[in-house]
Amino acid sequence: MSLNKKPILRMSYDTEAYWMGCQRQELLINRCMDCHAWHHFPRWLCPVCWSEKIKPVAVSGLGKVVMFSLTGRRPVAWIELVEQVGLRIYCALVEVEPSNVRIGMEVRLGWEDYGESFLPVFRPLNNTGASLGVDK
């Protein structure tokens with residue numbers, strides 16, 4: 001299998017809002033309107049309270065690396081979003097050498113163009129050492 005293959009986007013009822021947001025370069029994460037829990041990957045039912053009152057909500061995409069893997073052609077990581085504590089998203093890391101990836105590294109949302117859609121990626125927040133003000 002080629003490492004340069006584009007991912008196949010499979011839109012379903014559960015993921016439609018997420019993929020439509022990606023096309024607009026807007027990260028939409030489902031939130032339960034009853035218990036206010038955030039959850040990703042998209043699904044029609046809240047995994048906390050079982051409510052069907054789910055709404056996709058735009059998030060800023062500021063976060064920190066909580067776990068990562070250096071297998072494959074580039075690093076991938078679980079990113080915990082700062083403004084949605086406990087919410088983690090699995091994405092590729094870009095613009096960073098694999099040897100420089102660290103737990104607690106602050107990152108921001110970016111986008112990669114895959115023709116039919118954009119896919120979320122994360123890149124280091126900055127090179128100046130400025131902090132998001134989150135615990136590491």
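Annotations
- Matching the structure-derived P(r) over Cα pairs in 5 Å bins from 0, in percent against the labelled list [x] 2, 10, 19, 20, 20, 16, 9, 4, 1; [y] 2, 11, 21, 22, 16, 12, 8, 5, 3, 1, 0; [z] 2, 10, 20, 24, 21, 14, 7, 3, 1, 0 gives the label [x].
- Farthest toward positive dipole pole in the chain [+1 Lys/Arg, -1 Asp/Glu at C-beta], among Thr15, Met105, Ser60: Met105
- Any cysteine of the chain lacking a neighbouring Cys Cβ under 4.7 Å - listed by number: Cys22, Cys91
- Overall, the ratio between the Cα radius of gyration of segment 61-127 and 2.2 N^0.38 Å, rounded to two decimals, is 1.04.
- Taking segment 13-118 and dividing mean pair separation by its residue count, relative contact order in percent (alpha carbons under 8 Å, at least six apart): 23 percent
- The label-point distance for Met20 and Trp50, in a model that sets each label 7 Å from Cα toward Cβ, rounds to 2.9 nm.
- In terms of surrounding Cβ atoms within a 10 Å radius of their Cβ, Glu97, Glu106 rank from fewest to most as Glu97, Glu106.
- In range of the label at Met67: residues from segment 105-119 whose backbone nitrogen is under 17 Å from the point 7 Å along Cα→Cβ: 105
Read-outs: derived from the displayed coordinates by stated rules, not from any lab. Bear in mind the structure is a predicted one, so any value in this text is a computation, not a measurement. For neighbour counting, all protein chains shown are included, and Cβ atoms are generated from backbone atoms with ideal geometry for every residue, glycine included.
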